[in-house]
Amino acid sequence: MNSSVISWLLKVVALLIGALLLLSLINPVRIVQSGTRGVITTFGKVDPQPLDEGIHFVVPLVNSVHMIDVRLQKSEGKGVAASRDLQQVAVSAALNWRLEPALVAQTYQAIGDQNAVAARVIEPAAQESTKAITAQYTAEELVTKRTEVSGKIRDALEQRLKRHGVIVDSLAAVNYDFSAVFDKAIEAKVEAEQKKLTAERDLERIKVEAEQALAKARGEAEALKAKRLEITPDLLRLKQLENESEAIRKWDGRLPQYTGAGTPFVQLSPAAGAKSRGD
């Protein structure tokens, strides 16, 4: 192959490459993928209206389209904060967030794409909010009120980030690491509280059982008393027989010697009675 042929082939390849580059530059079609928005710039000026998902036509060499991801993002970070009682705490958290699709043009103009937002906005805001909320609680409360603290950190982040077009989805995890000495102190206190609760429950159970036993004894005593005081016909008959038996036992064998009708009773002596019968 002579030099003229080689030169001709090189020219053809160069023309093809140039044509492809030209086509890519003057291609008026832009495709915005699912989960993204397109930010249009015209000679560097940002168009406030972003492109939705789908096919769009732009002016070649005049418009540029920057693809911005609006799907859920996750940012993880660690930092050191101080509790209200001046205990040093190592805090680690994972924040789920996403860009507001309607505001991606303003966010891109002020900050940049999603990566720039994560580096310039999310991380500093997370650090500041975590330190501010952590300082409101003691080290012990950070452990016992973990859900409450996480909620307040999330609310603080939401207030800070919404002006940047960032939507806070959730604060996935907030963990606190204390010194070994403090961890042991917390464990000892928790164990003491558990023992106290167990003792209180046992005491309450003993009190209830004692009250039940006392109530049972009172019921049995009342039942016995009522049974003793119960009056039946057989008991009345037995009492009557006892009274009659007592009267017979005390009788001296003499009948009463009283007579009279309509007049006061007069006792008659035995001698007077015999004389009258002789007459």
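Tell me the strands (runs of 3 or more DSSP E) entirely within the stretch 1-120 that contain at least 3 residues that are surrounded by fewer than 16 Cβ atoms within 10 Å (Cβ to Cβ). Break it down stepwise before answering.
Numbers: elements: 29-32, 36-42, 54-57, 63-69, 73-82, 88-99.
Passing ranges, in order: 54-57, 73-82, 88-99.
Specify which of the listed residues (S75, S34) is of a type in the set (S, T, N, Q) and either touching a Leu at 6+ places or on another chain (Cβ under 9 Å) or closer than 30 Å to L142 by Cα (or both).
Numbers: S34 fails: either touching a Leu at 6+ places or on another chain (Cβ under 9 Å) or closer than 30 Å to L142 by Cα (or both).
Only one candidate passes the filter, namely S75.
What residue, among those in the stretch 141-179 that are within 16 Å of A82 (Cα to Cα) and among the small types (G, A, S), is surrounded by the most Cβ atoms within 10 Å (Cβ to Cβ)?
S150
If you go through the stretch 133-161 one residue at a time, how many are under 13 Å from the mean Cα position of the chain (by Cα) and not in a helix (DSSP H, G or I)?
Adding up the residues that qualify gives 1.
For the stretch 162-188, how many residues meet the condition of being within 20 Å of Q88 (Cβ to Cβ), assigned to a loop (DSSP other than H, G, I, E, B) and not aromatic (F, W, Y)?
1
Every number here is computed from the coordinates shown, using simple stated rules; none is lab data. Just so it is clear, the structure is predicted and the values come from calculations on it, not from any experiment. Cβ sites come from the backbone with ideal geometry, for glycine too, and all protein chains shown count toward neighbours.
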